[in-house]
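To start, the structure under review is shown below, and the notes come after it.
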Amino acid sequence: MLGVKRALAIVMLSSVGGWVAWDWGAMRVGADVGQASQAEGILLIDSNDGKDSPSPSEGAQEEANTIFEDRCAVCHGMDGSGNGPGASNLNPRPVNFHDKKWQHSVSNEKLAKVIVLGGQAEGLSASMAPNPDLQGRPKVVDALIKHIRELGK
């Protein structure tokens, strides 16, 4: 049976291979991961140890690659080095996705939150714009995370 709870932060529904859900409104949570409901406004992403790349579908990966080129590369650069054409005017500078120390310091959940809600959602630069069109599209978000993780290898 599904209940309704308020989500004010990231909520872990299962500690092993479960799901992470967040929004700032109502959240429907089932008795276990299999019963988790993707209510309107909730972003569900597959959780892991925060370091492995998710495994999105081919279509989601293609869409994510296009989104990265169109939105992210302006600041992060096509190769993810943080040296895109818009980076020179930013303070702080965009993250270099090749930085292994940074890669190990950030979880997939945090990346997903920043991708969807923008930098300010995690106390980062307000210059990192949110992508509200990706809320409720976990496969595309997972594919973006996979791309970011692969740049760090």
Quiz prompt | Relative exposure of 70, 142, 79, judged by other C-beta atoms within 10 Å (fewest first) | solution = 70, 79, 142
Quiz item: Does the range 58-151 come out rounded, prolate or oblate by the C-alpha gyration tensor, with a ≥ b ≥ c the root eigenvalues, rounded set by a/c under 1.5 and, if not, prolate when a/b is larger than b/c and oblate if not?
Solution: rounded
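Every number here is computed from the coordinates shown, using simple stated rules; none is lab data. Quantities reported herein were computed from a predicted structural model and do not represent experimental measurements. We place every Cβ from the backbone using ideal geometry, glycine too, and count neighbours over all the protein chains shown.
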